[in-house]
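Taken together, the values in this text are just the output of simple stated rules run on the coordinates, not laboratory data. Everything numeric here is computed off the predicted structure, so don't read it as measured data. Glycine gets a Cβ as well: all are built from the backbone with ideal geometry, and neighbour counts include every protein chain shown.
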Amino acid sequence: MKTGVAYYPEHWDEWRWETDLQLMSKAGIGLVRLAEFAWSKLEPEEGRFEFEWLDRILALSHRFGIDVLLGTPTATPPAWLHAKHPDLYTVDEWGHTLGFGTRFQRCLNHPVMREHSRRITEAMARHFAGNPAVIGWQTDNEFTQNTCYCDGCAKAFQEWLKRKFGSLDALNSRWGTAFWSQTYTAWHQIPLPKQAKCGNAHNPSLLLEFRRFQSQATVEFQREQVRILRKHCPNNFITHNFMGLHNSMDYYDLAEDLDFVSWDNYPITQWDQDTSKASLAHDVMRGIKGRNFWVMEEQCGHGGWTVVGPRPKPGQVRAWAWQAVASGANTIVFFRWRSCLHGTEQFWHGVVGHDGIPRRRYREVAQFAGELAAMAEKLDESVVRNEVAILDDYEQHYAFQIQPQAEGLGVWEQVRRFHVSLRAMGVGVDVVPLDINLDRYRVVILPGWPIMTEEAAIRLRAYVANGGTLIVNPRTGLKNADNVCHEDVLPVFLGELLGVSVDDYDALADSCVPVISQNGEVFNASVWTDALLVDGAEILARYQDRCFSGEPAVTKNRHGRGVAYYFGTCGETPFYKSFLTEILAEAKVPMKQDLPEGVGMYWREGKNQRFLFLINEQSAPVDVPIDAGMTPLFGEVDGKTATLPAHGVALLAENG
Ligand code: GLA
Ligand code: ZN
């Protein structure tokens, strides 16, 4: 376990390097990430590589005992490359060709881009292979789907379709191209879904296939780099910096070629100040490979490009870093070492500022680094193990991006309603794909999954039949894998399991409907209402108003050795807390009912011991009651109570 920083020695005079490394080392920083945007410094002109400056900083880092992670610099192809091949630029959905001057302006499908990506990766891998300072690699930077509509992408997409569908007849029939007279008689007629006269209103089947195609383009682009790195640097690990809740591509596919997932955590920026998302993002990132991860960029000060974002409160940076560790992060790399003097990100604040003098941000990072180092031996091998899972699948994100259907149905919006409620009940959550063994979870939550295949339904049914508890949400079982509506009764393939069918439905826009539970509690339901017909299920709640007044809203059905719930609507935290409390109690999942609001509670399990992290996410002090049998490792704990100051952290070990 280490604390690191992103460092850009190429931005600074060389005389400063040693001072920087000395300051890092004094703060307990044991790792630097280097070079992920340094292509023009590494290869100033085609074929002329200049690695000596990097050799020197590697040697210096090594002297300070600081490990190095190298990035492949392909997010920023140099000006000479674009000048020579202007068609490397991506084309946006309006047909505009991007130009030079920022980053990510390259089409990942372009054979010339692929060739140069392999070339610079190979040159770096050969040169740095065996360098004692280097422990691993980061591919590129913050991959997204290849968002490009160039002619090359159009041809490659048509080839992709040809391979997948085999014949135009098959494609025409599966996509239903009779609609709006879109029958294709040659492959080259099939367009990319560019903006059109009536907006981006393309066939949903084509839109879904295009997302798959451009997601895979990124996966294959990365795969070429990974192969080269593995060949020359077999002892180095390979990772990539994911973006938490980003969902333009299939992160499971992207992670397949990597040793572990890393991600970039910025809880408060000028764009978004909802700090509660970080906890979900950690759970999503851990779930991708089902193992511990790194934070490759951890916020250490105010963000900001043209506008200066909000400054984290004193102690908040440390609390976020501990929250990451508590959620399964093994190494925290702060972004960035020093605020830059030049370039777009002048106001993205580093551990030290423009003046390079250690001040409060430095002291806070140093405090965290010291604490982590002191705990590292204990926590090193520990992992996160939860009994509740939320299922995820990027195709469902695509489906809702293509057809949102109603405000508030986006997959992360749905997932967050459950996640926030479960966290508030002191229940840890894994976010996992459907193709793992679900039997280790007592409760599994399926957010609305419009795309439902028979195979997926078989897995869900088997999980319940084996004794699992499943919660299914509205808009599940609507479409087949071509994004075409099923002809059957909703929720398709799951009706028998749930003991219900959907008789009618209503999107609520921004209005609410009262829902009354069996024991008379009334909640606000919003976003969506399914009017249910029960066929064997028990009714747990009914609508009290609007068109479905009196009809079932929430149901429970026994199936095999397990039980399946259908939530026909969405609610707010009290709604979820109330139903989840009963569901979890019946499924024997432990909860902490006396967890004060705004306190995060996380467990890591070691070989012989469990560790409890309590993190105060608010700016007011709070007392947290502690169960018996816990020994404090740090933080103010007096036996029965942990007294957490604003953004305070306590770590306790369960007595063995
Ligand atoms: C991202 C990138 C970094 C940097 C930061 C701050 O996470 O990976 O290169 O741009 O944001 O803007
Ligand atoms: Zn392209």
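The stretch between residue 496 and residue 360, if pulled fully straight at 0.36 nm per residue, gains 43.0 nm over its current Cα-Cα span.
For the range 1-56, a crude dipole built from +1 on the beta carbon of Lys and Arg and -1 on the beta carbon of Asp and Glu, taken about the Cα centre, is about 460 debye to the nearest 20. Semi-axes of the equivalent ellipsoid of the range 599-654 are 19, 12, 8 Å, computed as sqrt(5λ) over the eigenvalues of the C-alpha gyration tensor in descending order. Sparsely packed loop sites in the range 498-582 (the trypsin sites (Lys or Arg not before Pro) outside DSSP H, G, I, E and B with at most 16 other Cβ atoms within 10 Å) comprise 561. Summing charges over all other residues whose Cβ lies under 13 Å from the Cβ of residue 233, with Lys and Arg as +1 and Asp and Glu as -1, gives +2.
Residues whose amide H falls under 5 Å from that of residue 610, counting only those 5 or more places apart or on a different chain, are 654, with hydrogens built in the peptide plane.
Annotation: the residues 479, 84, 378, sorted from fewest to most other C-beta atoms within 10 Å of their own C-beta, follow the order 84, 378, 479.
Here r is the Cβ-Cβ distance between residue 342 and residue 163 and R0 is 51 Å; the resulting FRET efficiency, rounded to 0.05, is 0.65.
With both labels modelled 7 Å from their Cα along Cα-to-Cβ, the residue 102 to residue 638 distance reads 5.4 nm.
One decimal place: the segment residue 311-residue 518 gains 69.9 nm when fully extended, by the rule 0.36 nm per residue minus the C-alpha distance. Taking amide H positions as modeled 1.01 Å from N, with prolines and chain starts lacking one, the residues under 5 Å from residue 390 and 5 or more places away or on another chain are 430, 431, 432, 445. The residue 227 and residue 561 beta-carbon pair, evaluated with R₀ = 45 Å, returns a calculated FRET efficiency of approximately 0.50. Each Lys and Arg adds +1 at its Cβ and each Asp and Glu adds -1 at its Cβ; summed about the Cα centre, the range 86-224 shows a dipole of about 180 debye. Remark: the chain carries a charge dipole of roughly 1100 debye about the Cα centre, counting +1 on each Lys and Arg Cβ and -1 on each Asp and Glu Cβ.
Rounded if a/c is under 1.5, else prolate if a/b beats b/c, else oblate: with a ≥ b ≥ c from the C-alpha gyration tensor eigenvalues square-rooted, which is the range 388-587? Since a/c stays below 1.5, the shape of the range 388-587 is classed as rounded.
I need the shape label for the range 440-490. Rule: rounded when a/c is under 1.5, else prolate if a/b > b/c, else oblate, with a, b, c from the alpha carbon gyration tensor. Cα axes put the range 440-490 in the prolate bin. Shape of the chain from the C-alpha gyration tensor: oblate (a/c of 1.5 or more and a/b not above b/c, with a ≥ b ≥ c the square roots of its eigenvalues). Each other residue within a Cβ distance under 13 Å of residue 343 adds +1 if Lys or Arg and -1 if Asp or Glu, for a net charge of +1. Partner lysines whose Cα lies under 19 Å from the Cα of residue 155, excluding those fewer than 8 positions away in the same chain, are identified as 164, 194. Proximity of backbone amide H atoms, modeled 1.01 Å from N, is registered between residue 383 and 605, 606 at under 5 Å, excluding neighbours fewer than 5 places apart on the same chain. Coupling constants for the range 510-516 follow from the phi torsions by the Karplus curve (6.51 cos²θ - 1.76 cosθ + 1.60, θ = phi - 60°), and in residue order they are 9, 8, 10, 10, x, 10, 10 Hz; glycine and proline get x. Couplings for the range 282-293, taken from phi via the Karplus curve 6.51 cos²θ - 1.76 cosθ + 1.60 with θ = phi - 60°, read 4, 5, 5, 5, 5, x, 4, 10, x, 7, 4, 9 Hz in order; Gly and Pro are left as x. Where in the range 94-116 is the amide nitrogen less than 16 Å from a point lying 7 Å along the Cα-to-Cβ axis of residue 49? Within reach of a label on residue 49: 115-116. Separation of the range 476-528 and the range 543-612, taken as the distance between their Cα centroids, equals 18 angstrom. 222 nm [θ] for the chain, helices only, -39500 (n - 2.57) per DSSP H run of 4+, per residue, to 500? After summing the helix terms and dividing by the residues of the chain, the value is -9500 deg cm²/dmol.
Ranked by the mean number of other Cβ atoms within 10 Å of their residues, highest first, the peptides 233-241, 308-316 come out as 233-241, 308-316. Taking 0.36 nm per residue of sequence separation and removing the Cα-Cα distance, the residue 19/residue 503 pair yields an extension gain of 167.2 nm. Summary value for the range 599-654: 38 percent relative contact order, contacts being C-alpha pairs under 8 angstrom separated by 6+ residues. Charge tally for residue 545 (other residues, Cβ to Cβ under 14 Å; Lys, Arg +1; Asp, Glu -1): 0.
Placing dummy labels 7 Å off each Cα toward the beta-carbon, the span from residue 178 to residue 465 is 3.6 nm.
Considering only alpha-carbon pairs that sit under 8 angstrom and 6 or more positions apart, the relative contact order computed for the chain is 10 percent. Computed 3J(HN,Hα) for the range 341-357, one whole-Hz value per residue from the Karplus formula 6.51 cos²θ - 1.76 cosθ + 1.60 where θ = phi - 60°, is 7, 10, x, 3, 9, 4, 9, 8, 7, x, 4, 10, x, 4, 7, x, 9, glycine and proline marked x.
Between residue 272 and residue 510, the FRET efficiency from the beta-carbon distance, with R0 = 22 Å, is close to 0.60. Between residue 377 and residue 539, the modelled labels are 6.3 nm apart [label points 7 Å from Cα along Cα→Cβ]. Simple rule: put +1 on each Lys or Arg Cβ and -1 on each Asp or Glu Cβ in the chain, find the dipole, and look at 431, 258, 62; the Cα lying farthest toward the positive end is 62. Once each of the GluC sites (Glu not before Pro) sitting in a DSSP loop with at most 10 other beta-carbon atoms within 10 Å is removed, the chain keeps 1-486 as its longest stretch. Residues of the range 399-430 falling in the label zone of residue 93, defined by backbone nitrogen less than 13 Å from a point 7 Å along Cα to beta-carbon, are 399-404.
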